[in-house]
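K.L.:
Structure provided below as structure tokens; questions to follow.
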Amino acid sequence: MARILAIDYGTKRTGIAVTDELQIIASGLTTVATKELIPFLKEYIAKEHVELFLVGEPKQMNNEVSESEGSIQSFLTKLTKAIPAMPVKRVDERFTSKMAVQTMIDSGLKKGQRKNKALVDEISATIILQSYLYNQ
């Protein structure tokens, strides 16, 4: 089997999480400056066998798309041109940032550490990936 890679896209930085090769465990990988995202993904899939990209889909409480969806669609267009053979699925990402902060609190991280937005993005990507794995 191959890994699944989850992307919590942001206009400044993007959180990335990945499964193990058996697709059992979701782990935070890193946070990447969004302008470096596609080169990072190309380099990663050249080294690791990845079969699927998951991209968070921000929705509002009434199930309508969030205003950030426009920038995500632009990214998806670039991604499918850069890596056309890789399938992409979308996953509802409502509440992932709040869940990420709560995870940080539960882990005992101090308030200053919880302000690390890059870590929040990486944990959010992990939550998106775990959600997908649980719902398969």
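All of the numbers you see were taken from the coordinates with simple rules; none came from a lab. Since the structure is predicted, the reported quantities are computational estimates derived from the model, not experimental observations. So basically every Cβ, Gly included, is an ideal-geometry build from the backbone, and we count neighbours across all protein chains shown.
K.L.:
For ILE25, which sequence-distant residues (separation of 5 or more, or a different chain) have an amide H within less than 5 Å of its own amide H, given hydrogens modelled in the peptide plane?
P.N.:
It is ASP20, by chain and number.
K.L.:
Restricting to Cα pairs below 8 Å that are 6+ residues apart, what does the relative contact order work out to for the stretch 3-134? Please round to a whole percent. Let's see the in-between values first.
P.N.:
Numbers: 218 pairs, mean separation 46.2, N = 132.
Rounded, it is 35 percent for the stretch 3-134.
K.L.:
Near the amide H of TYR9, under 5 Å away, which other amide H atoms are found, from residues 5 or more places off or on another chain, if H is placed in the peptide plane?
P.N.:
When sequence neighbours closer than 5 places are left aside, the close amide H contacts are GLY56.
K.L.:
Can you give the longest stretch of the chain with no exposed loop site, where a site means trypsin sites (Lys or Arg not before Pro) in a DSSP loop (not H, G, I, E or B) with at most 11 other C-beta atoms within 10 Å?
P.N.:
Details: sites that count: LYS12, LYS110.
My reading of the result: 13-109 is the longest stretch.
K.L.:
Quote the charge dipole size of the chain about the Cα centre in Debye, to the nearest 20; the model charges only the Cβ of Lys and Arg (+1) and of Asp and Glu (-1).
P.N.:
On the way: 18 positive and 16 negative charges, 99 e Å.
About 480 debye.
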